[in-house]
Amino acid sequence: MLQRTLVLLKPDCVERRLMGQIIARFEAKGFNISGMKMLRVTPDLAKQHYAEHVSKPFYPSLEAFITSAPIVAMCIEGLDVIRVIREMLGATNGLNAAAGTIRGDFSSSRQMNLVHASDSLASAERELSLYFSNDQILPHKLLLTPSLRAVDEG
């Protein structure tokens, strides 16, 4: 099923200059980036994005981290993109992530794990609306799509 998901390249990804390498992995997989921008997450946006965590003891350090430097927000489209990107990221804690995953290759932290990706269709819709207006998402069919998958695969 063709889906959209939100992917955030977190402050540690931006600071460590890993943006290009990580974006390249999503593109190499055949996914389409239909929206992308660099921004600074405000405390208010952090509270909206992480609403389910605001009352938890670790939230203050999470907010301090996500607001500490710019991030890159992306709307990425593709077949089963939510599941596949989360598998590409690996376990939340980089120390537990398999080699070959983004976190397994580049992270050794639970919090500073480089990338956020929506975990469900409902989360993707909610999260995308926090970072992008409808006119900032520019879906398009890639000319190379026939080289990536069969016509009956979507």
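Across region 1-152, counting alpha-carbon atoms alone, Rg and Dmax equal 15.2, 49 Å.
Working from label points 7 Å from Cα in the Cα-to-Cβ sense, the Thr92 to Asp119 distance is 0.6 nm. As a proxy for reagent exposure, Ser68, Ser118 were ordered by neighbouring Cβ count within 10 angstrom, fewest first; the result is Ser68, Ser118.
Below 12 angstrom from the Cβ of Leu18, what's the summed charge of the other residues (Lys, Arg +1; Asp, Glu -1)?
Values: positive: Lys10, Arg16, Arg17, Arg25, Arg103; negative: Asp12, Glu15, Asp105.
With Lys, Arg at +1 and Asp, Glu at -1, the neighbours total +2.
The HN-Hα couplings worked out from phi for region 6-14 by the Karplus form 6.51 cos²θ - 1.76 cosθ + 1.60 (θ = phi - 60°) are 8, 10, 10, 8, 6, x, 5, 5, 5 Hz, whole numbers, x standing for Gly and Pro.
Remark: spin-label model distance Ser61-Lys29 equals 2.8 nm, labels positioned 7 Å along the Cα→Cβ axis.
Counted residue by residue at 0.36 nm each, then reduced by the alpha carbon distance between them, the extension gain from Leu144 to Glu52 reaches 29.2 nm.
Under a point-charge model restricted to the Cβ atoms of Lys and Arg (+1) and Asp and Glu (-1), what is the dipole moment magnitude of the chain relative to its Cα centre, in debye to the nearest 20? Computed charge dipole of the chain: roughly 300 debye.
Since only His53, Val81, Thr67 are under comparison, the one whose Cα sits farthest along the positive direction of the charge dipole of region 18-154, derived from C-beta charges on Lys, Arg, Asp and Glu, is Thr67. If you run the Gaussian network model on the chain, springs between alpha carbon atoms under 10 Å, then out of Val72, Val115, Val54 the most flexible one is Val54. Quick one: check the C-alpha center-to-center distance for region 60-98 versus region 1-50, whole angstrom. First find each Cα centre; the distance between them is then 7 Å.
Every number here is computed from the coordinates shown, using simple stated rules; none is lab data. Remember, it's a predicted structure, so these values are computed and weren't measured experimentally. As a convention, Cβ positions derive from the backbone with ideal geometry for all residues, glycine included, and neighbour counts pool all protein chains shown.
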